Every structure is written in C-alpha cells, then in structure tokens.
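In what follows, a structure is listed as structure tokens, so that the remarks can point back to it.
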Amino acid sequence: MKIIMLGAPGAGKGTQAKMLADKYHIPHISTGDIFRANIKNGTELGNKAKVFMDKGMLVPDELTCDLVVDRIKQEDCKDGYILDGFPRTIPQAECLDQALETLGDKIDYAVDVEVPDENIVRRMSGRRACASCGATYHIVYNAPEKEGVCDRCGAELILRDDDKPETVQKRLTVYHEQTQPLIDYYKNKGVLAQVDGTKDMQEVFQSIVNVLEK
Ligand code: AP5
C-alpha cells in the first residue's frame, strides 16, 4: 500500500503516519524528519535545509525530490510506504509521478487530514518532539508519561524551532499557497480521501483505516 499524507502543518500527518506504519508494517518516510536528522548531524543537506525551515519556507524542490525517489527505491519499500510531508508542491508531485511511472507503480491513496487554521496554532504551541527518536507528543492531547521525557527512548523532549507562533503563521501561508493545490491534483487522479482531523487521534486513525480497508 502506497500512501501520501496531506494536510496543513500540525494537522496530525506525522501522528497518523506513525500509527499506520506500525499497523501495516511499512516504512514511514517523513521529509521533515529526514531534514531534521541532517540538521542535527550537520550535513551539507541539513545546513542548506535549515535556512529555509527556520523561516517557515519550503526547502527547494531540487533538494527534496531525488532524496525521496532514492528512498522509495529501497528494498524495505517494495510492499509499500507512507509519505509524510512529500509531495508538497505540484512540481514535487509530478516528479514523484514520473519516478513511479518508471517503476511501473502508482500511489494508492492520498489522505488529506483536514484541520482548520485556528486549531493548528493551538496544536503547534503544545507539541513536543523527541530530539533523539523523533516521536511526537502534545502537552494536553498526547502527553508523555513523564513531563519532558520521551516514553519511547527516554531522551529529552523539545519544542521544534519552527513551532514558534510567527513561524507557524508563515508555514500556514506557504501551505495554502503551495501545498493545498495538491488536494485537487490527487482528487483528479481519483485517489484522494479526506478525513476530519479535528477528532480525537484514535478516531482519526479509525477513519483512515476505514478508507484504506473499504
Ligand atoms: P514537516 O516536519 O513535514 O512539518 P509539517 O508538514 O509542517 O508538519 P508537522 O510535522 O508540523 O505536523 P504534522 O501534520 O505531522 O502534525 P503532528 O502529527 O506532529 O516539515 C517541516 C519543514 O521541513 C517544512 O516547513 C519545510 O521547510 C521542510 N520540508 C519538509 N518536507 C518538505 C518538502 N517535501 N518540500 C519542501 N520542504 C519540506 O501533530 C501536531 C501536534 O498535534 C502534535 O503535538 C500532536 O500530538 C497533536 N495532534 C495530532 N493529532 C491530534 C488530534 N487528532 N487531536 C489533538 N492533537 C493532535
């Protein structure tokens, strides 16, 4: 099963992608996580990406497309994968389509997790991320057992640099301008599924599973 997760920043794409990856035993490929890991390791890609991410802007397509295309060709992706945060622009979607066509493959579902902007800012300010394994929490909706400590690996939980309110606003503007057009793009391909992302995490998860298993 090859799935794309669509939705605004903070809509819950990452939360749902991790749950789906666990259920279906397929890799969760998050371009945001890949960039953050590169930033942490001080790679050339990380240094380039950080300039854009800190401003709430998208990393240029040429730094993003090849990365994902190489990743989905790996052996662990042969039975499927979940793309989280990619594609994010029409050129990225076209680049993915071309790569899939070459592989004789296609996307099964593009799942759009719908959450209004006013809910997003509240979610982002409460999000905490594990600096080590990337697990995501929320101080109210999905709190860790021990404050500030990752349940999964015991590392420190941090507020992401790009979760400051002014950067979140910029990310929302960029989302509406550059990423939202992908909803029509995948609707026209007949693979779009829209779910209400304002519900409780488990309810959102069940709605997505219902779509995938219908
Ligand atoms: P990325 O890491 O992809 O960030 P994003 O799309 O902005 O999405 P987020 O990770 O912020 O949110 P999410 O939807 O995954 O929500 P989450 O599950 O964490 O990208 C970061 C940056 O990298 C971009 O701005 C860009 O610069 C760059 N980048 C990445 N990919 C790129 C690409 N393809 N091209 C160019 N640039 C790229 O949930 C949010 C919070 O809400 C959490 O605290 C969670 O616990 C909570 N929550 C989740 N679900 C619920 C629920 N149902 N109810 C209540 N709370 C909930």
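Picking from GLU177, GLU213, which residue would you name as being exposed (fewer than 15 other Cβ atoms within 10 Å of the Cβ) and under 12 Å from LEU20 (Cβ atoms)?
The match here is GLU213.
Answer yes or no: is there a residue in segment 168-179 that is near the ligand (Cβ under 10 Å from one of its atoms), touching a residue at least 24 places away in the same chain (Cβ under 8 Å), out of contact with any strand residue (DSSP E or B) (no Cβ under 9 Å at 6 or more places or on another chain) and among the β-branched types (Val, Ile, Thr).
The initial filter retains those residues of segment 168-179 that are near the ligand (Cβ under 10 Å from one of its atoms), namely 168, 170-172, 174-175, 178-179.
Within this subset, residues satisfying the condition of being touching a residue at least 24 places away in the same chain (Cβ under 8 Å) are 168, 170-172, 174-175, 178-179.
Next, from what is left, pick out any that are out of contact with any strand residue (DSSP E or B) (no Cβ under 9 Å at 6 or more places or on another chain): 168, 170-172, 174-175, 178.
Pick out the ones that are also among the β-branched types (Val, Ile, Thr) and you get 168, 174.
Checked against the condition, which is being near the ligand (Cβ under 10 Å from one of its atoms), touching a residue at least 24 places away in the same chain (Cβ under 8 Å), out of contact with any strand residue (DSSP E or B) (no Cβ under 9 Å at 6 or more places or on another chain) and among the β-branched types (Val, Ile, Thr), segment 168-179 yields at least one hit.
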> What tally of residues in segment 97-114 results from selecting those that are surrounded by 20 or more Cβ atoms within 10 Å (Cβ to Cβ) and not acidic (Asp, Glu)?
Replying inline: 3
> Quick one: how many residues across segment 153-183 are within 29 Å of LYS2 (Cβ to Cβ), part of a loop (DSSP other than H, G, I, E, B) and at pLDDT 95 or above?
Replying inline: 2
> Looking at VAL59, VAL68, which one is within 6 Å of the ligand (Cβ to nearest atom), aliphatic (A, V, I, L, M) and without any contact (Cβ under 8 Å) to a residue 40 or more places away in the chain?
Replying inline: VAL59
> Hey, ASP162 hits all of (1) open to solvent by 50 Å² or more (accessible area, probe 1.4 Å); (2) within 8 Å of the ligand (Cβ to nearest atom); (3) touching a residue at least 12 places away in the same chain (Cβ under 8 Å) but one; which does it fall short on?
Replying inline: (1)
> Out of all the residues in segment 74-112, which are touching a Ser or Thr at 6+ places or on another chain (Cβ under 9 Å) and at positive phi?
Replying inline: GLY85
> Just one of TYR186, TYR137 is of a type outside the set (Asp, Glu), in a strand (DSSP E or B) and open to solvent by less than 90 Å² (accessible area, probe 1.4 Å); which is it?
Replying inline: TYR137
>> Suppose we filter LYS48, LYS40 for residues that are open to solvent by 60 Å² or more (accessible area, probe 1.4 Å), of a type outside the set (Asp, Glu) and modelled with pLDDT under 95; which single one remains?
In response: LYS40
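Considering only segment 74-92, state which residues are crowded, with 20+ Cβ neighbours inside 10 Å and either of a type outside the set (Val, Ile, Thr) or near the ligand (Cβ under 10 Å from one of its atoms) (or both).
The initial filter retains those residues of segment 74-92 that are crowded, with 20+ Cβ neighbours inside 10 Å, namely 81-89, 92.
Answer for segment 74-92, where residues must be crowded, with 20+ Cβ neighbours inside 10 Å and either of a type outside the set (Val, Ile, Thr) or near the ligand (Cβ under 10 Å from one of its atoms) (or both): TYR81, LEU83, ASP84, GLY85, PHE86, PRO87, ARG88, THR89, GLN92.
Does GLN194 count as in a helix (DSSP H, G or I) and open to solvent by 70 Å² or more (accessible area, probe 1.4 Å)?
Details: in a helix (DSSP H, G or I): no; open to solvent by 70 Å² or more (accessible area, probe 1.4 Å): yes.
Against the criterion (in a helix (DSSP H, G or I) and open to solvent by 70 Å² or more (accessible area, probe 1.4 Å)), GLN194 does not qualify.
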> Within segment 115-134, which residues are away from the ligand (no atom under 11 Å from the Cβ) and open to solvent by 60 Å² or more (accessible area, probe 1.4 Å)?
Replying inline: GLU118, SER132
> Does segment 8-23 include one or more residues that are modelled with pLDDT of 95 or more, open to solvent by less than 50 Å² (accessible area, probe 1.4 Å) and over 22 Å from HIS138 (Cβ atoms)?
Replying inline: no
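Return a yes/no flag: does segment 91-102 have any residue that is hydroxyl-bearing (Ser, Thr, Tyr) and more than 25 Å from LYS199 (Cβ to Cβ).
In the first step, residues of segment 91-102 are kept if they are hydroxyl-bearing (Ser, Thr, Tyr); the result is 102.
Pick out the ones that are also more than 25 Å from LYS199 (Cβ to Cβ) and you get 102.
Yes, segment 91-102 contains a residue that is hydroxyl-bearing (Ser, Thr, Tyr) and more than 25 Å from LYS199 (Cβ to Cβ).
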> Taking VAL59 and the conditions (1) open to solvent by 10 Å² or more (accessible area, probe 1.4 Å); (2) in a helix (DSSP H, G or I), which numbered condition does it fall short on, given that it satisfies the others?
Replying inline: (2)
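The values are calculated or read from the model by the stated rules, or taken from the named source; none is laboratory data. Since we're looking at a predicted model, the values are computed, not measured. Because the Cβ atoms are built from the backbone with ideal geometry, glycine has one as well, and the counts that use them run over all protein chains shown. In case anyone asks, the SASA skips ligands and DNA or RNA and just uses the protein heavy atoms, side chains included. Shrake-Rupley method; radii C 1.70, N 1.55, O 1.52, S 1.80 Å.
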